[in-house]
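In what follows, a structure is listed as structure tokens, so that the remarks can point back to it.
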Amino acid sequence: MAEVEGALSTRVGELAAEERRHRLETERLDLTERLSRPSRGHLHLVTQTHERLEDVFVGLGFTVSEGPEVETDWYNFTALNMPPSHPARSMWDTLFVDWGEPGTVVLRTHTSPVQIRVMETTSPPIYTVVPGRVFRRDTADATHMPVFHQIEGLVVDRGITLGDLAGTIEAFTKAYFGSDFNSRLRPSYFPFTEPSAEFDIQRPDGSWLELGGCGMVHPNVLANCGVDPEEWSGFAFGFGTDRMPQSRHGLDDLREMYTNDLRFLEQF
Ligand code: FA5
């Protein structure tokens, strides 16, 4: 009898201990967990945009290149088929840097000077994109900033045609914005491309938005970089990247991205 009672109380003790262990385990609150992990921010919407764009273009076989934000007149204008006093220079409201001969050093007004830098240092075939910051004397409004961002694209190879440019732009539009967006090319003028076009996207609500310029690289530009225009041809494009998250996320005003209101930025 005593033996049975002893075994019983041992078993009751074991079950109570087991239940307590189970309860403690399920109710456990690790109060140190949050404290030990510092709260981290995340990349700004524009940086996220550039990373997504790089992913899309790397997926299409492009490399990623970079260039300086302070440029000389040669790279920003002259080598791009705009010699001194060329009227087309006024298409870019330029901010000049007080350095050297007046008017010879600028804050780059577009990412196109990096086309020249890439062609000077790399032999074709070239398939590259250049994301970066650019500067203009533009007054800030819903679709303009004085400091904004572009992504340049440059392809130089044998037998490249306008069809390759149109196909690349359409493939990019679908890959980046989704299948409910369309693209179109509108005739335009840039001194460094011939023929030239503006690239617009059509949003699902049917409205159109200009994203950038593009065209076939002008033979003078190829020649300025030591690339034989008889052998090689190419296309280039330059898209404004601040307007891309604006369309993708339906933002009304570009300036929202730069006023640094965390309640706005933390949503993305
Ligand atoms: C250019 O800058 C040319 N370099 C584009 C190009 C590259 C043409 C290669 C041909 C070949 P544009 O000045 O149109 O072109 O600017 C390109 C895009 O930048 C515009 O379509 C627009 O989307 C964006 N953009 C221009 N100004 C601003 C601004 N102030 N704020 C925000 N985005 C802007």
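Below is a table of values for the structure above.
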{"item": "Computed label-point distance, nm, for sites S39 and E25 using a 7 Å Cα→Cβ extension", "result": "3.4"}
{"item": "Share of carbon and sulfur in the accessible heavy-atom surface of segment 70-135 [1.4 Å probe, %]", "result": "59"}
{"item": "Inter-label distance, nm, simple model (7 Å from Cα along the C-beta direction), E266/S123", "result": "5.5"}
{"item": "Gyration tensor verdict on the chain (Cα atoms; rounded if a/c is under 1.5, prolate if a/b is larger than b/c, oblate otherwise)", "result": "prolate"}
{"item": "Accessible area per residue in Å² at 1.4 Å probe, computed on segment 1-122", "result": "69"}
{"item": "Cα shape, segment 156-222, gyration tensor, a/c 1.5 rule", "result": "oblate"}
{"item": "Value at 222 nm in deg cm²/dmol, rounded to 500, when DSSP H runs of n ≥ 4 in the chain each add -39,500 (n - 2.57)", "result": "-10000 deg cm²/dmol"}
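The values are calculated or read from the model by the stated rules, or taken from the named source; none is laboratory data. It should be emphasised that the depicted structure is a prediction, and the values quoted were computed from it without experimental measurement. Here Cβ is always computed from backbone atoms with ideal geometry, including for glycine, and neighbour counts include all displayed protein chains. Ligands, DNA and RNA are stripped out before the accessible areas are found, and what is left, the full protein with its side chains, is counted by its heavy atoms. Shrake-Rupley method; radii C 1.70, N 1.55, O 1.52, S 1.80 Å.
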